[in-house]
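To keep things clear, I will list the structure first and then write my remarks on it.
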Amino acid sequence: MIDREVEIIDAAVTLFLRYGVKRTGMSDIAREAGISRQTLYNAFANKDEVLRATIRLFTRRALAQIDERLGASETLYDQMGIVFDHFVVRPFEMLQRSPNAEDIVSGMNAASREELAANDRAFQSVLERVLSPHEKAIAQAGLPMNDLAEATQIAVSAAKDHAADRRHLDRLLEAHKSIIIAIAGG
């Protein structure tokens, strides 16, 4: 992504969080980004493309930050915390701060859901990488590692969607970390 596109996406995120996806128009995004509508349309054909690019940029940033932090982390517990922080806690907090969280979630269309599915696959891939040193113990527990990673991704994503507040989310994530540690022996 070029710098101009990142600036546009950052402006769009500000508006999506403030007003929701449905009530944010391309003119609003152009104004917030300080560019003309034509410049915006040269970068993105429509709001759906902006939304998909927003999800892709979020995923890329999360993956880069995870990679940066994982190198300094030694325990599986800490590594799971890093991964959960970027793929579960931060999105949860971002939506909690938005007065239009429900509109943001309902504003996701089929195309953006495809990007969210790609985000989920990236999350699962990171989980598999973190779990890979423990593959033997996981197999001894009767689980293929990729199944544990997928089940974890699905469960903690659901926890993010169903937690009543941050404390509730933290309790759910701690339970998942404990389960993984028990299975992986890490």
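The values are calculated or read from the model by the stated rules, or taken from the named source; none is laboratory data. Keep in mind it's a predicted model, so treat the numbers as computed, not measured. When we count neighbours, we look across all protein chains shown, and the Cβ atoms used for this are built from the backbone with ideal geometry, even at glycine.
Here are a few things to note about the model shown:
- Residue match in the range 21-41 (condition: surrounded by 15 or more Cβ atoms within 10 Å (Cβ to Cβ), within 22 Å of LYS160 (Cβ to Cβ) and within 19 Å of the chain's Cα centre (by Cα)): yes
- Scope the range 34-57; condition within 23 Å of ASN119 (Cβ to Cβ), modelled with pLDDT of 90 or more and hydrophobic (A, V, I, L, M, F, W, C); matching residues: ALA43, PHE44, ALA45, VAL50, ALA53, LEU57
- Scanning the range 161-175 turns up one or more residues that are within 21 Å of ALA118 (Cβ to Cβ) and either part of a helix (DSSP H, G or I) or at pLDDT 95 or above (or both).
- ILE2 falls short of the stated requirement of being modelled with pLDDT under 90 and touching an Asp or Glu at 6+ places or on another chain (Cβ under 7 Å).
- Hits in the range 150-160 (condition: of a type outside the set (S, T, N, Q) and either closer than 15 Å to GLY81 by Cα or outside any helix (DSSP H, G or I) (or both)): ALA155, VAL156, ALA159, LYS160
- Qualifying position, being more than 17 Å from TYR77 (Cβ to Cβ), buried (at least 16 other Cβ atoms within 10 Å of the Cβ) and of a type in the set (A, V, I, L, M, F, W, C), among LEU143, LEU173: LEU143
- Here GLN96, GLN79 are screened, and the one residue that is at pLDDT 95 or above and polar (S, T, N, Q) is GLN79.
- All positions within the range 67-89 that are in contact (Cβ under 8 Å) with a residue 40 or more places away in the chain, touching a helix residue (DSSP H, G or I) at 6+ places or on another chain (Cβ under 8 Å) and farther than 23 Å from ALA163 by Cα: LEU70, LEU76
- Top-ranked residue in the range 42-68 [being acidic (Asp, Glu) and within 23 Å of LEU95 (Cβ to Cβ); ranked as surrounded by the fewest Cβ atoms within 10 Å (Cβ to Cβ)]: GLU49
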